[in-house]
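Student: One structure coming up, written as C-alpha coordinates, with questions to follow.
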Amino acid sequence: MSDCLFCRMVDGEIPADVVLSTDRVLAFRDINPQAPTHVLVIPKEHHRNLGALAAADGELLAEVARAAHAVALQEGLVTDGGIEPGYRVVTNTGPQAGQSVDHLHLHVLGGRGLGWPPG
Ligand code: 5GP
Ligand code: ZN
(Lines give C-alpha, C1' and ligand atoms only; values in the text may rest on other atoms or scores of the structure.)
(Ligands and ions follow the chains in the order given, each with its own letter.)
Protein backbone atom coordinates (compact mmCIF):
# COMPACT_ATOMS: atom_id res chain seq x y z
CA MET A 1 0.00 0.00 0.00
CA SER A 2 1.77 3.12 -1.24
CA ASP A 3 0.00 5.45 1.20
CA CYS A 4 0.94 3.36 4.26
CA LEU A 5 3.87 4.72 6.29
CA PHE A 6 5.09 1.30 7.41
CA CYS A 7 4.76 -0.24 3.92
CA ARG A 8 6.93 2.63 2.70
CA MET A 9 9.50 1.79 5.39
CA VAL A 10 9.45 -1.85 4.28
CA ASP A 11 10.05 -0.67 0.70
CA GLY A 12 12.97 1.51 1.84
CA GLU A 13 11.28 4.76 0.75
CA ILE A 14 11.40 6.08 4.33
CA PRO A 15 14.48 5.39 6.46
CA ALA A 16 14.19 3.09 9.46
CA ASP A 17 16.57 2.25 12.29
CA VAL A 18 16.25 -1.49 11.69
CA VAL A 19 17.17 -3.91 14.50
CA LEU A 20 15.92 -7.13 12.89
CA SER A 21 14.79 -8.13 9.42
CA THR A 22 13.64 -11.53 8.11
CA ASP A 23 11.89 -12.57 4.90
CA ARG A 24 8.51 -11.59 6.32
CA VAL A 25 9.11 -9.41 9.39
CA LEU A 26 10.79 -6.06 10.09
CA ALA A 27 11.67 -4.52 13.47
CA PHE A 28 12.83 -0.91 13.86
CA ARG A 29 13.17 1.69 16.61
CA ASP A 30 10.17 3.91 17.32
CA ILE A 31 10.81 7.54 16.31
CA ASN A 32 9.30 8.75 19.61
CA PRO A 33 10.49 6.20 22.18
CA GLN A 34 8.48 5.76 25.37
CA ALA A 35 11.13 3.64 27.10
CA PRO A 36 14.89 2.99 26.73
CA THR A 37 13.95 0.16 24.36
CA HIS A 38 10.96 0.92 22.12
CA VAL A 39 10.95 -1.18 18.98
CA LEU A 40 8.10 -1.72 16.51
CA VAL A 41 7.74 -5.19 15.00
CA ILE A 42 5.68 -5.48 11.82
CA PRO A 43 4.81 -8.00 9.14
CA LYS A 44 6.29 -6.81 5.83
CA GLU A 45 2.93 -7.56 4.24
CA HIS A 46 0.19 -5.01 4.96
CA HIS A 47 -2.39 -6.08 7.59
CA ARG A 48 -4.32 -3.34 9.32
CA ASN A 49 -4.40 -4.70 12.87
CA LEU A 50 -3.98 -7.79 15.07
CA GLY A 51 -7.40 -9.25 14.30
CA ALA A 52 -6.89 -8.87 10.56
CA LEU A 53 -3.52 -10.64 10.62
CA ALA A 54 -4.79 -13.38 12.95
CA ALA A 55 -7.64 -14.07 10.53
CA ALA A 56 -5.48 -13.91 7.40
CA ASP A 57 -2.24 -15.68 8.38
CA GLY A 58 -1.71 -17.25 11.79
CA GLU A 59 1.79 -18.44 10.89
CA LEU A 60 2.85 -14.88 10.02
CA LEU A 61 1.39 -13.70 13.34
CA ALA A 62 3.52 -16.33 15.09
CA GLU A 63 6.57 -15.07 13.18
CA VAL A 64 5.86 -11.52 14.35
CA ALA A 65 5.58 -12.79 17.95
CA ARG A 66 8.85 -14.73 17.65
CA ALA A 67 10.54 -11.63 16.25
CA ALA A 68 9.28 -9.54 19.19
CA HIS A 69 10.90 -12.02 21.59
CA ALA A 70 14.09 -12.09 19.50
CA VAL A 71 14.27 -8.29 19.74
CA ALA A 72 13.83 -8.49 23.53
CA LEU A 73 16.71 -10.99 23.67
CA GLN A 74 18.87 -8.81 21.42
CA GLU A 75 18.15 -5.75 23.59
CA GLY A 76 19.05 -7.61 26.79
CA LEU A 77 15.50 -7.44 28.19
CA VAL A 78 15.44 -11.19 28.75
CA THR A 79 17.99 -13.96 28.56
CA ASP A 80 17.76 -17.27 26.75
CA GLY A 81 15.46 -19.28 29.04
CA GLY A 82 15.11 -16.40 31.54
CA ILE A 83 12.56 -13.61 31.99
CA GLU A 84 14.67 -10.95 33.72
CA PRO A 85 14.43 -7.98 33.67
CA GLY A 86 11.42 -8.32 31.35
CA TYR A 87 9.59 -6.49 28.61
CA ARG A 88 6.10 -5.54 27.44
CA VAL A 89 4.39 -6.08 24.08
CA VAL A 90 1.50 -3.77 23.18
CA THR A 91 -0.60 -3.42 20.07
CA ASN A 92 -3.31 -0.80 19.69
CA THR A 93 -6.44 -1.33 17.60
CA GLY A 94 -8.67 1.62 16.77
CA PRO A 95 -8.86 5.27 17.79
CA GLN A 96 -9.81 4.81 21.44
CA ALA A 97 -6.74 2.65 21.97
CA GLY A 98 -4.58 5.22 20.22
CA GLN A 99 -3.76 3.40 16.98
CA SER A 100 -2.19 6.00 14.68
CA VAL A 101 -0.70 3.78 11.94
CA ASP A 102 -3.05 1.29 10.28
CA HIS A 103 -0.41 -1.38 9.67
CA LEU A 104 -0.15 -3.95 12.46
CA HIS A 105 2.78 -3.25 14.76
CA LEU A 106 3.78 -4.74 18.09
CA HIS A 107 5.42 -2.24 20.42
CA VAL A 108 8.27 -3.93 22.33
CA LEU A 109 8.99 -1.83 25.41
CA GLY A 110 11.56 -2.26 28.15
CA GLY A 111 14.56 -0.93 29.97
CA ARG A 112 12.59 0.74 32.78
CA GLY A 113 9.85 -0.21 35.22
CA LEU A 114 6.54 -0.17 33.35
CA GLY A 115 3.41 0.87 35.23
CA TRP A 116 0.18 -1.11 35.28
CA PRO A 117 -2.56 -0.43 34.38
CA PRO A 118 -1.34 1.38 31.24
CA GLY A 119 -2.73 4.83 30.46
P1 5GP B 1 0.33 3.45 17.40
O2 5GP B 1 0.02 4.84 17.91
O3 5GP B 1 -0.34 3.22 16.06
O4 5GP B 1 0.10 2.35 18.36
O5 5GP B 1 1.90 3.44 17.14
C6 5GP B 1 2.50 4.08 16.06
C7 5GP B 1 3.93 4.33 16.44
O8 5GP B 1 4.66 4.67 15.27
C9 5GP B 1 4.12 5.49 17.42
O10 5GP B 1 4.74 5.01 18.61
C11 5GP B 1 5.00 6.47 16.66
O12 5GP B 1 5.96 7.12 17.47
C13 5GP B 1 5.65 5.60 15.60
N14 5GP B 1 5.99 6.30 14.38
C15 5GP B 1 5.22 7.20 13.69
N16 5GP B 1 5.87 7.63 12.60
C17 5GP B 1 7.08 7.00 12.60
C18 5GP B 1 8.21 7.04 11.71
O19 5GP B 1 8.24 7.74 10.70
N20 5GP B 1 9.28 6.27 12.03
C21 5GP B 1 9.29 5.48 13.15
N22 5GP B 1 10.40 4.76 13.37
N23 5GP B 1 8.24 5.41 13.99
C24 5GP B 1 7.16 6.15 13.72
ZN1 ZN C 1 1.19 -1.06 5.36
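Student: What's the magnitude of the charge dipole for the range 5-110 around its Cα centre, counting Lys and Arg as +1 and Asp and Glu as -1 at the beta-carbon? Answer in Debye, nearest 20. Kindly include the intermediate steps, with their values, before the conclusion.
Tutor: Details: 7 positive and 13 negative charges, 43 e Å.
Dipole about the Cα centre, nearest 20: 200 debye.
Student: To continue, here is another question. Please list ARG48, ARG8 from largest to smallest accessible area, probe radius 1.4 Å, with all protein chains kept in place.
Tutor: Greatest to least solvent exposure: ARG48, ARG8.
Student: If R0 is 25 Å, what FRET efficiency do you get for ALA55 and THR22 from their C-beta distance, rounded to 0.05? Spell out each step's value before the answer.
Tutor: Numbers: r = 22 Å, r/R0 = 0.87.
Computed FRET efficiency for ALA55 and THR22 comes out at 0.70.
Student: Also, I was wondering about something else. Quick one: Kirkwood hydrodynamic radius for the chain, alpha-carbon pairs, angstrom, one decimal?
Tutor: On the way: mean 1/r = 0.0684 Å⁻¹.
Answer for the chain: a Kirkwood hydrodynamic radius of 14.6 Å.
Student: Separate question: Excluding THR37 itself, calculate the net charge of residues whose Cβ lies under 13 Å from the Cβ of THR37, where each Lys or Arg counts +1 and each Asp or Glu counts -1.
Tutor: Its environment carries a net charge of 0.
Student: Then there's this: Determine the calculated [θ] at 222 nm for the chain from helices alone, applying -39500 (n - 2.57) to every DSSP H run no shorter than 4 residues and normalising by the residue count; nearest 500 deg cm²/dmol.
Tutor: -7500 deg cm²/dmol
Student: Just check the range 48-104 against the gyration tensor rule for me: Cα atoms, a ≥ b ≥ c as the square roots of the eigenvalues, rounded for a/c under 1.5, and otherwise prolate or oblate depending on whether a/b exceeds b/c.
Tutor: oblate
Student: Related question: Solvent-accessible area of GLU63, probe 1.4 Å, all protein chains present, reported in Å² to the nearest ten, please.
Tutor: The accessible area of GLU63 comes to roughly 50 Å².
Student: Continuing with this model, one more query. Hey, with R₀ at 22 Å, roughly what FRET efficiency would CYS4 and VAL90 work out to, going by the Cβ-Cβ distance, to 0.05?
Tutor: 0.65
Student: Right, another one. For the chain, find the longest principal axis of its Cα atoms and tell me its angle to the long axis of helix 58-74, 0 to 90°, nearest 10.
Tutor: The helix 58-74 is inclined about 40 degrees to the chain.
Student: Just by accessible area at a 1.4 angstrom probe, what is the order of VAL101, VAL71 from largest to smallest?
Tutor: VAL101, VAL71
Student: Leaving ligands and nucleic acids out of the surface, order ILE31, ILE14 by accessible area at 1.4 Å, largest first. Present the calculation step by step, with values, prior to reporting the outcome.
Tutor: Numbers: ILE31 170, ILE14 45 Å².
I get ILE31, ILE14, largest accessible area first.
Student: On to the next question. So for the chain, averaging the separation of alpha carbon pairs under 8 Å that are six or more residues apart and normalising by length, what relative contact order in percent results?
Tutor: So the answer I get is 29 percent.
The values are calculated or read from the model by the stated rules, or taken from the named source; none is laboratory data. Keep in mind the model is a prediction, meaning the values are calculated, not measured. Using ideal geometry, Cβ is built from the backbone for each residue, glycine included, and neighbour counts are taken over all protein chains shown. Heavy atoms of the whole protein, side chains included, go into the accessibility calculation; ligands, DNA and RNA do not. Shrake-Rupley method; radii C 1.70, N 1.55, O 1.52, S 1.80 Å.
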